2 protein chains.
Amino acid sequence: MGENEGIDKSFLDTVKFDDRGLVPAIVQDHETGKVLMMAWMNRESLEMTLERRKACYWSRSRNKLWLKGESSGNMQDVHDILIDCDGDTLILKVSQIGGACHVGYHSCFYRRVLENGSMEICDTLMFDPEEVYGKKS
Amino acid sequence: MGENEGIDKSFLDTVKFDDRGLVPAIVQDHETGKVLMMAWMNRESLEMTLERRKACYWSRSRNKLWLKGESSGNMQDVHDILIDCDGDTLILKVSQIGGACHVGYHSCFYRRVLENGSMEICDTLMFDPEEVYGKKS
């Protein structure tokens, strides 16, 4: 243990992808610290993110690389990347254009728990998802 | 879609546990917004957390309930719980006693990536883990 704990290896060699080849990335506004979303990255999306400085994830539902904002325009400029002690979780500090959430809120975490076990909305609606993604059929 | 999107159900019925029965919880300082760690919860640890307002997780390595701080004393008082759009990720807003990280830092995310692909320490050492957890044999 010491002040240089765990910084001898390169970043990419330090990341521990899980048995699906994925690592969770917590996405945080780089100025306010507000957590906007969590998404999953594989090695390819992480390398793309490092290269372009635009957040790129692995979509588990669509099973493909997902450049955040490619359909909505709500891209994320990446200012900083942090890694945790176990190497199995990342933080991306970003500036978010528009809202991060596909429902239209600034953050995906737009609901908070009340003492009685119900929830309330605690975030701002930034856009109308039907306008951005088109009407669901 | 609308302002009351997704708040009709109770919180516990909204949480989607994965195929291992787990949901990731992002743990954030409730005053500064600093992300301290990410941990996993099963339904039992989430119910314990709601009841006691002390963060309780499921330890995947030890395969048991884990009241954060039970050995280190570094407990987390839970002020707020948020849930994301998909219901499969939580945020716990807490006050952290001491440091969150078993390595001794305030946050588990104590390393940031540099442009050349190496890392640097970006956090404060709060305690000596050998003093808190005992010497590793």
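Derivation of every value follows stated rules applied to the coordinates shown; laboratory data play no part. As the structure is a computational prediction, the values presented were derived from the model and not from experiment. Counting neighbours? That spans all protein chains shown, and the Cβs are built from the backbone with ideal geometry, glycine included.
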Taking chain A, the lysine pairs whose C-alpha atoms sit under 30 Å apart (8 or more places apart or on different chains) add up to 27
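Kirkwood Rh over Cα pairs of the protein assembly as shown into Stokes-Einstein at 37 °C, 0.692 mPa s: D in µm²/s?
Details: Rh = 19.3 Å.
D, rounded to a whole number, is 170 µm²/s.
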Helix B:43-52 sits off the longest principal axis of the Cα atoms of chain B, rounded to the nearest 10 on a 0 to 90 degree scale, by 80
Sorted shortest first, the nm distances from the residue B:32 label point (7 Å along Cα→Cβ) to its counterparts in the other copies are 2.0
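Nothing charged except the Cβ atoms of Lys and Arg (+1) and of Asp and Glu (-1): what's the magnitude of the dipole of the protein assembly as shown about its Cα centre? Round to the nearest 20 debye. Show your work: numbers first, answer last.
Values: 34 positive and 46 negative charges, 121 e Å.
Taking the Cα centre of the protein assembly as shown as origin, the dipole is about 580 debye.
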Among A:58, B:113, A:133, the residue whose Cα sits farthest towards the positive end of the charge dipole of the protein assembly as shown (+1 at Cβ of Lys and Arg, -1 at Cβ of Asp and Glu, taken about the Cα centre) is A:58
If R0 = 51 Å, then residue A:77 and residue B:53, at their Cβ-Cβ distance, give a FRET efficiency to the nearest 0.05 of 0.90
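Starting from the alpha-carbon convex hull of chain B, give the projected area averaged over all orientations, in nm². Before the final figure, lay out the partial values.
Details: hull surface 44.3 nm².
Its average projected convex-hull area is 11.1 nm².
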In this structure, the FRET efficiency calculated for residue B:9 and residue B:120 from their beta-carbon separation, with R0 = 51 Å, to the nearest 0.05, is 0.70
In the stretch B:1-104, the chymotrypsin sites (Phe, Trp or Tyr not before Pro) that sit in a DSSP loop and have at most 15 other Cβ atoms within 10 Å of their own Cβ are B:17
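Over chain A, what is the mean sequence separation of C-alpha contacts under 8 Å (at least six apart), divided by residue count, expressed as relative contact order in percent? Could you put the intermediate results ahead of the total?
Values: 244 pairs, mean separation 27.4, N = 137.
So the answer I get is 20 percent.
Multiplying the sequence separation of residue B:32 and residue B:70 by 0.36 nm and subtracting their Cα-Cα distance, what value in nm do you get?
Details: separation 38, 0.36 × 38 = 13.68 nm, distance 2.42 nm.
Taking 0.36 nm per residue and subtracting the Cα distance, the gain is 11.3 nm.
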Among B:98, B:69, B:117, the residue with the largest mean-square fluctuation in a Gaussian network model of chain B built from Cα contacts under 10 Å is B:117
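Treat every Asp and Glu Cβ in the stretch B:67-116 as -1 and every Lys and Arg Cβ as +1, leave all other atoms uncharged, and give the resulting dipole magnitude about the Cα centre to the nearest 20 debye. Intermediate values should be presented prior to the final figure.
Working: 4 positive and 7 negative charges, 62 e Å.
Computed about the Cα centre, the dipole is about 300 debye.
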Toy charge model, Lys and Arg Cβ at +1, Asp and Glu Cβ at -1: the stretch B:49-137 dipole around Cα centroid in debye, rounded to 20, equals 400
